[in-house]
1. Could you work out how much longer the chain between Val10 and Ala36 gets when fully extended? Use 0.36 nm per residue separation minus the Cα distance between them, nm to one decimal.
2. Non-local amide H neighbours of Leu59 (under 5 Å, H modeled in plane, Pro and chain starts lacking H): which ones?
3. Considering all projection directions equally, how large on average is the shadow of the alpha-carbon convex hull of region 8-93, in square nanometres?
4. If you add up the charges near Val79, with Lys and Arg at +1 and Asp and Glu at -1, over every other residue whose beta carbon is less than 12 angstrom from its beta carbon, what do you get?
5. About the Cα centre, and with charges only on the beta carbon of Lys, Arg (+1) and Asp, Glu (-1), how big is the dipole of the chain? Nearest 20 debye, please.
6. By how many nm would the segment from Phe50 to Ile66 grow when fully extended, if each residue of separation counts as 0.36 nm and the alpha-carbon distance is taken off?
Amino acid sequence: DEKEKFEPTVFRDTIVQGLNEAGNDLEAIAKFLDAAGSRLDYRRYADTLFDILVAGSMLAPGGTRIDDNDKTKMTNHCVFFADEDHDAIRNYAQVNKG
């Protein structure tokens with residue numbers, strides 16, 4: 001009985017790449033997240049997924065991003081980069097709970 005490796009950075013890279021490839025289309029982002037959910041372990045990496053969807057990358061304790069400004073490890077398709085209005089934030093919330 002082998003234990004699975006815990007690899008949050010690999011998970012992050014996969015999610016970020018998919019989000020960035022989806023572009024600015026929230027429907028495409030929702031479809032990507034739905035499809036990826038069948039092959040990626042969202043429960044195991046829930047904290048990492050939450051960090052990405054809210055802050056755009058993984059967060060270290062204390063809240064600093066762990067991406068070293070490497071654009072391949074971060075996405076702008078997250079709550080922190082959304083327009084600062086109620087409708088934009090609501091749309092991101094709909095994607096995240098969908």
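1. 8.0 nm
2. Here Ile66 satisfy the definition.
3. About 5.6 nm², averaged over all directions.
4. -2
5. Rounded to the nearest 20 debye, it is 200 debye.
6. Taking 0.36 nm per residue and subtracting the Cα distance, the gain is 4.4 nm.
Every number here is computed from the coordinates shown, using simple stated rules; none is lab data. Note that the structure is predicted; figures quoted are calculated from it, not measured. Every residue, glycine among them, receives a Cβ derived from its backbone with ideal geometry; neighbour counts consider all protein chains shown.
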